[in-house]
Amino acid sequence: MKILAEALILVFFSIFLGSEHRICQAFSSNYNARTKCLIEPKTAQDGGGIIANPDFTHGMEGWAVYGQGAMKEQMSRNGNRFIVAYNRTQSLDSISQKVQLGGGLIYSFSAWIQINKGSERVAVVFKIPHTERVIGGRVLARNGCWSLLKGGIFANFTSHADILFESNDTSTEIWVDSVSLQQFTLEQWRAQQDKKIDKERKSKVRFKVTYGNGTAVDSATVSIKQTRSEFPFGCGMNFHIIDSTDYQNWFASRFKYTTFTNQMKWYSNEPKQGQENYTVADTMVKFAQQNGISIRGHNILWDDPKYQPEWVKNLTSDELRKAAAKRVDSVVSRYAGQLIAWDVMNENLHFSFFEDKLGKNASSRYFKRAYELDPKTTMFLNEFNTIEYSNDEDVDPISYMKKLSVILSNPGNQGILAGIGLEGHFGVGQPNLAYMRSVLDILSSTGLPIWLTEVDVVKEPNQAEYLEQILREGYCHHAVEGIIMFAGPATAGFNATTLVDKDFKNTPSGDVVDKLIDEWRTKPTETKADGEGYFEMSLFHGDYNITIKNPVTNCSTTLSYRVTKGTTCIHIIA
């Protein structure tokens, strides 16, 4: 049995630049977003699941060398056994174990990793015959302490697979311990999600109904109606809503949160240099405000060269600096105080249009200026493929946190209300829910709010089923504070994930969304207090109207309450 860690080492996030390692403070001191590792690893989760000899209690039994190199058993001063892959010449040279994967099953992976020097990415790889290798997850491993590598895979096949570890620096020894691979059916995973939803999104509340003098109201009739959910679950909106009453009614009857898909982007607001036009965006803002719909601002700047206004693409560096500064001041000042969020830099890990022309601190400067203009609004770094696709190393959680740490460590940025924006554009096939969960777990260590900002699923036969799985996975995670889908009516051009057809009749995906909206709120309920004025209910977090009918006078009183994660009891004075 492993010796549990006696001390927790807090190590500032390490950034690897070329051949140099340097330590920089991750984010700002306000967020205390430091990565953690342990002097001794914890035991393998769930006893290792289907992994043989997961804690290396029996030496190297069940494990083999993959590729070139060698492996050896090693022991810590506290008597903990682990395996070392060394003399490596290729990135995939490591230890491995062959496992049998069953089609249609979710596999959740974890292992404790350390290296012999500095800090380096280490990935778990599933090598499957006749198919592309699949990255199951990555961790920034260090010398001197153990870090938890989490991830997983969905098996859309029945086959054996080699589990191995990858590090690009072949001079690095990979130390491995407490390996676990747990298998779940989709039904078991769903049961897990439901359990987490009950824990994170609901509270068991004990009510007491009394008169003003403290005497219990015996057998009072109590009606409870939820008026607003605490969790923001919304939908993208585009300009078609301005002239479509059907679109307006459909949207306002379902959603209280939105993101304009295009109408706040630079190419929409200033298609010709010096000719700003916010007419469409202003009209959409007015509609949202009239219907109590909160808006995420999307986006101030987009780092993809392809999506700059045409006139911007050929500006000199000096001209671009002035134009971009004007753009930031214009759009942020115009909507300051009216939005709940800004996507300050869009897709800033995949692309670097502004950094290439204006210097590596360009993003940091735009975050600072946006914050100065609108200091009460949360500022997001928005990116795709972080939760959708495990093989995209450019935007994995390590890369994401590195980029955000650079932005928030810039002078003057320490006080910014920052957020993590994960777009969530899922492609064909079963989503890798185990990987998605591991990414959310890793990013949650920052303490920053996480939003799924543009969730959609490509058109395919199982689209509705996959959309439901993704939405449930986001909703059940404690660190996710909001979800916006980029979906909507066919008449508004939502061709990937269409929720209603041209007659505003639900598609299968629309049925899923309506089902979840209904499921994630407390149904209107009537109950009676007991002889001492008590009753108990499990309620989704949000705002409620509670009506108490006095059994003696038949008079009713309606009061408003808010139920949050910390709510355990409510005293009602009739």
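The values are calculated or read from the model by the stated rules, or taken from the named source; none is laboratory data. On a predicted model such as this, the values are computed, not experimentally measured, just so you know. Please note: Cβ atoms are built from the backbone with ideal geometry, for glycine as well, and neighbour counts cover all protein chains shown. With ligands, DNA and RNA removed, areas are computed over all heavy atoms of the protein, side chains included. Shrake-Rupley method; radii C 1.70, N 1.55, O 1.52, S 1.80 Å.
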- Task: Return the total of residues in region 141-159 being of a type outside the set (Val, Ile, Thr) and either open to solvent by 20 Å² or more (accessible area, probe 1.4 Å) or free of Cβ contacts under 8 Å to residues at least 60 places away in the same chain (or both).
- Result: 11
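Does residue 287 qualify as being at pLDDT 95 or above, hydrophobic (A, V, I, L, M, F, W, C) and touching a helix residue (DSSP H, G or I) at 6+ places or on another chain (Cβ under 6 Å)?
no
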- Hey, among the residues in region 282-315 that are of a type in the set (Gly, Ala, Ser) and under 21 Å from residue 330 (Cα atoms), which one's surrounded by the most Cβ atoms within 10 Å (Cβ to Cβ)? 297
- Message: Out of the strands (runs of 3 or more DSSP E) lying entirely within region 174-253, which hold 2 or more residues that are touching a Gly at 6+ places or on another chain (Cβ under 9 Å) and surrounded by fewer than 17 Cβ atoms within 10 Å (Cβ to Cβ)?
- Response: 221-229
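This table checks each residue for (1) modelled with pLDDT of 95 or more; (2) acidic (Asp, Glu); (3) open to solvent by less than 20 Å² (accessible area, probe 1.4 Å).
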| residue | (1), (2), (3) |
| --- | --- |
| 13 | no, no, yes |
| 43 | yes, no, no |
| 61 | yes, yes, no |
| 76 | no, no, no |
| 94 | yes, no, yes |
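Could you tell me which of the residues 405, 364 is out of contact with any strand residue (DSSP E or B) (no Cβ under 9 Å at 6 or more places or on another chain) and open to solvent by less than 10 Å² (accessible area, probe 1.4 Å)?
Within the list 405, 364, the selection yields 364.
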- Please list, ordered by first then second residue, the pairs with beta carbon atoms under 7 Å, 6 or more apart or interchain, first in region 50-66 and more than 16 Å from residue 181 (Cβ to Cβ), second open to solvent by 50 Å² or more (accessible area, probe 1.4 Å) and not β-branched (Val, Ile, Thr). 57/81; 59/73; 60/73
- Item | Test for residue 426: is it buried (at least 23 other Cβ atoms within 10 Å of the Cβ) and over 20 Å from the mean Cα position of the chain (by Cα) | no
- Task: Quickly run through region 269-315 and pick out the residues that are closer than 30 Å to residue 254 by Cα and either assigned to a loop (DSSP other than H, G, I, E, B) or hydroxyl-bearing (Ser, Thr, Tyr) (or both).
- Result: 277, 278, 279, 283, 291, 292, 293, 294
- Hey, any hits in region 445-454 for a residue that's farther than 26 Å from residue 149 by Cα and either open to solvent by 10 Å² or more (accessible area, probe 1.4 Å) or of a type in the set (Asp, Glu) (or both)? yes
- Taking region 160-173 only, how many residues are out of contact with any Phe, Trp or Tyr (no Cβ under 8 Å at 6 or more places or on another chain) and buried (at least 19 other Cβ atoms within 10 Å of the Cβ)? 4
- Task: Just name the residue that is farthest from residue 487 (Cα to Cα) out of those in region 254-281 that are among the charged types (D, E, K, R) and surrounded by 14 or more Cβ atoms within 10 Å (Cβ to Cβ).
- Result: 276
- Can you name the residue in region 369-397 that is hydroxyl-bearing (Ser, Thr, Tyr) and not in a strand (DSSP E or B) and is also most open to solvent (accessible area, probe 1.4 Å) among such residues? 389
- Okay, strands (runs of 3 or more DSSP E) sitting entirely in region 72-169 with 2 or more residues that are closer than 22 Å to residue 40 by Cβ and not basic (Lys, Arg), I get 81-86, 94-101, 105-115, 119-127, 134-142, 147-155
- Is it the case that region 316-329 has a residue that's part of a loop (DSSP other than H, G, I, E, B), modelled with pLDDT of 95 or more and surrounded by fewer than 16 Cβ atoms within 10 Å (Cβ to Cβ)? yes
- Query: Can you name the residue in region 491-537 that is more than 26 Å from the chain's Cα centre (by Cα) and small (Gly, Ala, Ser) and is also nearest to residue 220 (Cα to Cα) among such residues?
  - Reply: 529
- Message: With the requirement that a residue be free of Cβ contacts under 8 Å to residues at least 60 places away in the same chain and at negative phi, what does region 424-438 give you?
- Response: 426, 427, 428, 436
- Message: Going by what's in this entry, would residue 242 be described as modelled with pLDDT of 95 or more, touching a helix residue (DSSP H, G or I) at 6+ places or on another chain (Cβ under 7 Å) and under 21 Å from residue 490 (Cα atoms)?
- Response: yes
